[in-house]
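Participant: I'd like to ask some things about the structure below.
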Amino acid sequence: MEFTTIIKPKNKLFEVDFKEIWQYRDLLSMFVKRDIVTQYKQTILGPTWFFVQPALTTVMYMVVFGGIAKISTDGLPQPLFYLAGIVLWQYFSDCLNKTSSTFTTNQHIFGKVYFPRLIVPLSTVTSNLVRMGIQFLLFVLVYVYFVVSGVSVIPNIYALLFPFLIVLLAGLSLGFGIIISSMTTKYRDLTILFTFVVQLWMYATPVIYPMSTITNPTLRTLMALNPLTSIFEAFKYGMLGVGEFSWWQLAYSTGFMLVLLGIGVVVFNKVQRSFMDTV
């Protein structure tokens, strides 16, 4: 008898079979559609929530951080400044939170049928990319409104880095997510701790404030160690003409992402061999 498919265990921890993932691209597409459809199934507003959520978040930031705390927005209209951070942060945090529960959420599927396990976190990153694209359209509409209204917004050539910045966010969220997912197969309380850490992480990232407000040298150094800082600042600098841009900082974020993904693949491959015994 000739077999059309032979499933072999991975002998190397640092191994990603891209050919096999490509063969399961239809499954990847199905998971992406599932994530998009089921999220707003049986809701009144449906996909409109893609716009409502960032809009309401922006209004809340305007009231709390702009109105009460009086945090600077580098001279930009508050809706435009906050939306620039919200669009990127929601993509990163959504990918991170969902990929961090890959094993526990999909244990019923993993235990019944074989397919490359990386398909699931990859589908999460991809489906959230669709959502981020819709929310980016809202940012563009607000952007055009203020430009037509006469507000001085000065984009520059660095705006072309936007696709690369999204790749960095996707890589960082995927790397952190699969590492946390692998650890939570044994230690479930890490899920609660990680949710809390993600919430605090936003305040350590220039989402609701510009880097110009950070004058303490120690705090600026700590902010520079955050791989997300250069990504958010590069986006605002390119799109809005405010903020700080550094090729060195962007190179640091890129290197951090590549190392993190490498570690994530090793941990993920090690855990997936026996996670059904512990999950």
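Values in this text are rule-based calculations from the coordinates and carry no lab data. Since this is a predicted model, take the numbers as computed values, not measurements. Note that we place each Cβ from the backbone using ideal geometry, even for glycine, and neighbour counts take in every protein chain shown.
Participant: So what's the angle, to the nearest 10 degrees on a 0 to 90 scale, between helix 25-39 and the longest Cα principal axis of the chain?
Facilitator: 50
Participant: Return the subset of Lys98/Lys186; Lys33/Lys236; Lys19/Lys112 for which the Cα-Cα distance in this structure is over 24 Å, preserving the input order.
Facilitator: Flagged as over cut-off: Lys33/Lys236.
Participant: Right, something else. For Trp248, Trp201, Trp49, which order do you get if you count the other beta carbons within 10 Å of each Cβ and list the fewest first?
Facilitator: Ascending Cβ contact count within 10 Å gives the list Trp248, Trp49, Trp201.
Participant: Right, here's the next one. Relative to the longest principal axis of the C-alpha atoms of the chain, give the angle of the C-alpha long axis of helix 189-203, reported between 0 and 90° and rounded to the nearest 10°.
Facilitator: The helix 189-203 is inclined about 20 degrees to the chain.
Participant: Here is a further query. Based only on Cα atoms, what Rg/Rh ratio does the chain have, Rh being taken as Kirkwood's radius?
Facilitator: Checking Rg against Rh, the ratio lands at 1.00.
Participant: Rounded to the nearest 500, what is the chain's calculated 222 nm mean residue ellipticity when only DSSP H runs of at least 4 contribute -39500 (n - 2.57) each, over all residues?
Facilitator: Values: 12 runs with 179 residues, N = 279.
Only helices count here, giving -21000 deg cm²/dmol.
Participant: Taking 1 over the mean of 1/r across every pair of different Cα atoms in the range 89-231, what Kirkwood radius in Å do you get?
Facilitator: Final number for the Kirkwood radius of the range 89-231 is 17.4 Å.
Participant: Take Trp22, Trp89 and order them by how many other Cβ atoms sit within 10 Å, fewest up front. Don't skip to the end; give the middle numbers.
Facilitator: On the way: Trp22 10, Trp89 21.
Arranged by neighbour count, lowest to highest, Trp22, Trp89 become Trp22, Trp89.
Participant: Report, to the nearest 10°, how far helix 119-148 tilts away from the longest principal axis of the Cα atoms in the chain, using its own Cα long axis and a range of 0 to 90°.
Facilitator: 10
Participant: Could you tell me which residue out of Phe65, Ile119, Gln135 lies farthest along the dipole of the chain toward its positive end? Charges go on the beta carbon: Lys and Arg +1, Asp and Glu -1, centred on the Cα centre.
Facilitator: Farthest towards the positive end: Ile119.
Participant: Separate question: Given labels modelled 7 Å from the Cα in the Cβ direction, how far is it in nm from Tyr203 to His108?
Facilitator: Once both label points are built, they end up 3.7 nm from each other.
Participant: Would you mind ranking Phe194, Phe81, Phe162 so that the residue whose beta carbon has the fewest other beta carbons within 10 Å leads the list? Walk me through the intermediate numbers first.
Facilitator: Details: Phe194 21, Phe81 28, Phe162 15.
Ascending Cβ contact count within 10 Å gives the list Phe162, Phe194, Phe81.
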